[in-house]
Structures are given as C-alpha cells and as structure tokens.
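Let me begin by presenting the structure, written as structure tokens, before commenting on it.
The values are calculated or read from the model by the stated rules, or taken from the named source; none is laboratory data. In this text the structure is predicted, and so the values were computed from the model without any measurement. Heads up, the Cβs are rebuilt from the backbone with ideal geometry, glycines too, and the neighbour counts pull from every protein chain shown.
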Amino acid sequence: MSAIEDEIKEEIASNKILIYGKGTKAAPQCGFTVETIQFFQKYGYPFEVVNALNSNEKREALSKMTNWPTLPKVFIDGDFYGDTDILDEMEAKNEVKPLLDKAFGKES
C-alpha cells in the first residue's frame, strides 16, 4: 500500500463524516462541494472536508479506492457513499439520519 493510501485511510478513520471535495469547508471551490457541505450541516454532526485539489496523487488514489471518478466523495463511519446524488436518494428513504446517529453512537 502506498503512503498516500495510508494517509487517506487515516483521514477516513479519523472522521465519522469525511468529504473529499474541491476546496475546504470554509472555502469550497465548486458547487457540488458546497451542496455536500450544506447537506451535512443540516444534521448537526461534525464533519471534515479535505481539499482533494491539492494532490493529483490523492485524487487518483481515491478514484481507484472508490471506483468513483468524480468529486466530492463522501465517507460515513469509514464506508464510501458516493456523493449527494446518492445521499439525496438515501435521505428521501429516511436512511441518512439513522446512519449518522449510528456512526455517532446515538441509536434510538
């Protein structure tokens, strides 16, 4: 495993919700990253955004690891969930809140 893959796995393990996007949480650089940030803000749980534009190597490794060519890429509790197209579908089925509650140990 490469050092960049190790770094990615550490980032994923360190954050219950992790978005690999274009830009940062404070300064997103594309509409899809903004949309993903807004999606998670409404749930009130902490999340992190890693700027994948800073490293071609990281973007390529992420695409190989996820088999998902575009950004943003969302990980919840260590599992890859695609982007907001997938999450919007999950939200319509009321699947997101229980997933986040479980990730943060707040199952009802």
Task: Of all residues making up the range 54-67, the number that are part of a helix (DSSP H, G or I) and without any contact (Cβ under 8 Å) to a residue 40 or more places away in the chain - done: 7
- [ ] Just one of (1) within 12 Å of the chain's Cα centre (by Cα); (2) over 20 Å from SER2 (Cα atoms) trips up PHE80, so point out which.
- [x] (2)
Open item on the list: Against the definition (in contact (Cβ under 8 Å) with a residue 24 or more places away in the chain and either polar (S, T, N, Q) or more than 17 Å from GLN41 (Cα to Cα) (or both)), how does GLY78 come out, yes or no?
Closed with: yes
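Each row is one residue, and each column tells you yes or no for (1) part of a loop (DSSP other than H, G, I, E, B); (2) within 24 Å of ASP88 (Cβ to Cβ).
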position: ILE4; (1), (2): no, no
position: TYR20; (1), (2): no, yes
position: ILE37; (1), (2): no, yes
position: THR70; (1), (2): yes, yes
Open item on the list: Considering only the range 71-86, I want to know if a residue exists there that is among the β-branched types (Val, Ile, Thr), surrounded by 19 or more Cβ atoms within 10 Å (Cβ to Cβ) and at pLDDT below 95.
Closed with: yes
Task: Every pair of residues 6+ apart whose Cβ atoms lie under 6 Å, when the first sits in the range 7-29 and is more than 11 Å from ALA52 (Cβ to Cβ) while the second is surrounded by fewer than 17 Cβ atoms within 10 Å (Cβ to Cβ) and among the small types (Gly, Ala, Ser) - done: ILE12/GLY78; LYS16/ALA103
Open item on the list: Looking at the range 1-47 only, could you name the residues that are buried (at least 19 other Cβ atoms within 10 Å of the Cβ), among the β-branched types (Val, Ile, Thr) and in contact with a helix residue (DSSP H, G or I) (Cβ under 8 Å, 6 or more places away or on another chain)?
Closed with: ILE8, ILE17, ILE19, THR36
TODO: Considering every residue within the range 44-53, establish whether at least one is in a helix (DSSP H, G or I), without any contact (Cβ under 8 Å) to a residue 60 or more places away in the chain and of a type in the set (S, T, N, Q).
DONE: no
- [ ] Name every residue in the range 22-35 that is assigned to a helix (DSSP H, G or I) and either touching a Cys at 6+ places or on another chain (Cβ under 8 Å) or hydroxyl-bearing (Ser, Thr, Tyr) (or both), in order of residue number.
- [x] THR33
Open item on the list: Considering only residues that are of a type in the set (D, E, K, R) and assigned to a helix (DSSP H, G or I), which ones fall in the range 7-18?
Closed with: GLU7, LYS9, GLU10, GLU11
Task: Number of the condition not met by SER108 [criteria: (1) of a type outside the set (D, E, K, R); (2) at pLDDT 95 or above; (3) touching an Asp or Glu at 6+ places or on another chain (Cβ under 9 Å); (4) loosely packed, with under 15 Cβ neighbours inside 10 Å] - done: (2)
